[in-house]
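Data first, discussion second: the structure below is written as structure tokens.
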Amino acid sequence: MLLRALALSFVALLAPVDLVAQDPPEYSLAVRLVQEQRWAAALEQIQNLRKQYPGNPKVGNLEGLALLGSGDANGAAVAFQRVLANRPDFFPALKNLAVLEWEMKKPGAAEHTGQALKLDPQDPILNAYAAVSDLQKQDASAASRHLDQAGSAISAMAPGIEMRLAYLLGTSGLYPRAAHVYEDLVARGGRNVTLSYDLGLAQYLAGDYEGAIRTLEGVESHRHSSDDLNLLAQAYEKNHQTQLAIDRLRQAISLFPADENNYLDLATICIDHNAYPLGIEIVQLGLKQRPRSEKLLFQLGVLHALSGEFDIARDEFRRAGKLAPGKDLPVAALDLADIQQNGRQDAIRELRNNLKQKGDSAILCYLLGSSLVRNGAQPGTPEYAEARAVFQKAIRLDPRLPYPYIELGKMYEQAGKILEAIPLFEKAAALGPRDPSSYYHLARDYQKLNQPQKAGQMLNKLKEIEQRGREFEHIGLTRPEG
């Protein structure tokens, strides 16, 4: 059925290429037979035409369409290739072959698409397929240019290839474009649970939280998966609807009690709003279901550390480390607990030793740098230079970790280099928008630069974070049953 649909889409785009000067009645009859899907009669008529007009590209192209409509994709490809052997620049056959090869997953599809685009760079359908080729080569900018040319022609792609396009756009970080393609697939009648989740995820990653909520809430409640509910909760939280986020996570925990991610995310909301005792209860509830979850044990350690219970936190970090011996986060957390509970010099030595063993750890670099600074490293000393170097290394190893940006920004502030500090605080604020420290430093630095409007914007951000914290105390958070 897909091949016949593909053939009909080709027939609708038959180009008016002359046989000699004007189509004879015999050719017009063959076209009509193809359009009427009378494949056998059409092929018989085309064979007669081939005898009358040997080597004619238009007849050969029509033969390929008829063969495709009859279900003979390989025969159609041979017919198009036969045309191109004599007329490499015959655009209809080249375009048809390229699109057919995409459908058949043939290796020559991308090459033939490129050749056809040289003949007609504006062709929307070819530009749509070229975007897939671009993304497979990880050339996101070329893909964007081709998609701009394609416009609505993505709807003419085979559904499987359009799905591949959406996936590649998402994995390339082009989330708004991925969401647009997923929306087109839904509009074409492709709505199912998986597609709804993919669309919701693309919308969420594109920052369209309300769109993600609409998409995921549109799934029938009895068909919700744990991933659906978890993503829906994240979208609600990003959209400043914390109570609805909590409700969805509680629903997910009730329906899917073995999924550790829902406990982790609900505990994270508690951390964001300084509700540490409740977070501890939620993680302990998850550990009843998953007693050997190193992620839950680590989160429990974090909550105890934030509550000032460092001895308990250290025990939980050790348990997590035993379950995940290859990971450096429990090791870093142990070091952090030691920094808080014991002297910093011992912790600094331990951090240096751990970094020798795990030199590619951003979190350990950050902890070493912050320990050196808090231990009194001053500008001009080897310890200060070491701290700056490990903060810079942490950023290189994990550009998404906000804390090294903040600490490095503070060092530039201390040196009076405000213009160099501001971009670091701005990056930290983008990565960790709930952390007030970046906005505090930005407000102060903008005031020093006599930019009161920007300073005011940062102060408003600080007020917003404080207000959200107060609102959390009144939203009626209840413990999940268990």
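Worth a mention:
- Here residue 361 clears all of (1) crowded, with 16+ Cβ neighbours inside 10 Å; (2) farther than 26 Å from residue 273 by Cβ; (3) under 34 Å from the mean Cα position of the chain (by Cα); (4) at pLDDT 90 or above except the condition numbered (4).
- Selection from the range 264-275 of residues that are over 23 Å from the mean Cα position of the chain (by Cα), surrounded by 19 or more Cβ atoms within 10 Å (Cβ to Cβ) and part of a helix (DSSP H, G or I): 267, 270
- Contact annotation: residue pairs with Cβ atoms under 7 Å, 6 or more positions apart or on different chains, pairing a residue in the range 66-92 that is in contact (Cβ under 8 Å) with a residue 24 or more places away in the chain with a partner that is surrounded by fewer than 24 Cβ atoms within 10 Å (Cβ to Cβ) and polar (S, T, N, Q), are 69/37.
- For the range 356-376, filtering for residues that are in contact (Cβ under 8 Å) with a residue 24 or more places away in the chain and either more than 17 Å from residue 402 (Cβ to Cβ) or among the aliphatic types (A, V, I, L, M) (or both) leaves 11.
- From 68, 165, residue being modelled with pLDDT of 95 or more and either closer than 30 Å to residue 37 by Cβ or crowded, with 24+ Cβ neighbours inside 10 Å (or both): 165
- Qualifying positions in the range 444-482 - hydroxyl-bearing (Ser, Thr, Tyr) and at pLDDT 55 or above: 446
- Test for residue 420: is it over 23 Å from residue 466 (Cα atoms), in contact with a Leu (Cβ under 7 Å, 6 or more places away or on another chain), open to solvent by 20 Å² or more (accessible area, probe 1.4 Å) and free of Cβ contacts under 8 Å to residues at least 60 places away in the same chain: no
- Taking the range 40-59 as the range and being assigned to a helix (DSSP H, G or I) and open to solvent by 10 Å² or more (accessible area, probe 1.4 Å) as the test, the residues that pass are 40, 41, 43, 44, 45, 47, 48, 50, 51, 52, 57, 58.
- Across the range 238-249, the qualifying residues are those that are buried (at least 21 other Cβ atoms within 10 Å of the Cβ) and more than 18 Å from residue 295 (Cα to Cα), and the one among them that is farthest from the chain's Cα centre (by Cα) is 246.
- Of all residues assigned to the range 131-148, none qualifies as being in contact (Cβ under 8 Å) with a residue 24 or more places away in the chain, open to solvent by less than 50 Å² (accessible area, probe 1.4 Å) and in contact with a Pro (Cβ under 8 Å, 6 or more places away or on another chain).
- Flag if residue 219 is in a loop (DSSP other than H, G, I, E, B) and open to solvent by less than 20 Å² (accessible area, probe 1.4 Å): yes
- Residue 131 being among the hydrophobic types (A, V, I, L, M, F, W, C) and farther than 24 Å from residue 170 by Cβ: no
- Of all the residues in the range 365-403, those that are in contact with a Lys or Arg (Cβ under 6 Å, 6 or more places away or on another chain) and open to solvent by less than 20 Å² (accessible area, probe 1.4 Å) number 2.
- In the range 381-438, residue modelled with the highest pLDDT [restricted to those that are closer than 21 Å to residue 459 by Cα and in a loop (DSSP other than H, G, I, E, B)]: 402
- Residue within the range 189-208 that is over 19 Å from residue 228 (Cα atoms) and either modelled with pLDDT under 95 or crowded, with 18+ Cβ neighbours inside 10 Å (or both) present: yes
- The range 97-125: number of residues that are in a helix (DSSP H, G or I) and over 18 Å from residue 160 (Cβ atoms): 10
- Leading residue by the ranking (nearest to residue 428 (Cα to Cα)) among those in the range 356-402 that are touching a Cys at 6+ places or on another chain (Cβ under 7 Å) and of a type in the set (A, V, I, L, M): 394
- Flag for residue 96 being polar (S, T, N, Q), in contact (Cβ under 8 Å) with a residue 40 or more places away in the chain and either farther than 28 Å from residue 232 by Cα or open to solvent by 70 Å² or more (accessible area, probe 1.4 Å) (or both): yes
- Summed over the range 42-68, the residues that are within 17 Å of residue 92 (Cα to Cα), under 48 Å from the mean Cα position of the chain (by Cα) and not acidic (Asp, Glu) give a count of 11.
- The helices (runs of 4 or more DSSP H) found entirely in the range 136-203 that carry 3 or more residues being closer than 29 Å to residue 217 by Cβ are 159-171, 175-185.
The values are calculated or read from the model by the stated rules, or taken from the named source; none is laboratory data. Note that this is a predicted model, so its numbers are computed, not measured. In this analysis, Cβ positions are derived from the backbone assuming ideal geometry, glycine residues included, and neighbour counts consider all displayed protein chains. Ligands, DNA and RNA are excluded from the accessible area calculation, which covers all protein heavy atoms including side chains. Shrake-Rupley method; radii C 1.70, N 1.55, O 1.52, S 1.80 Å.
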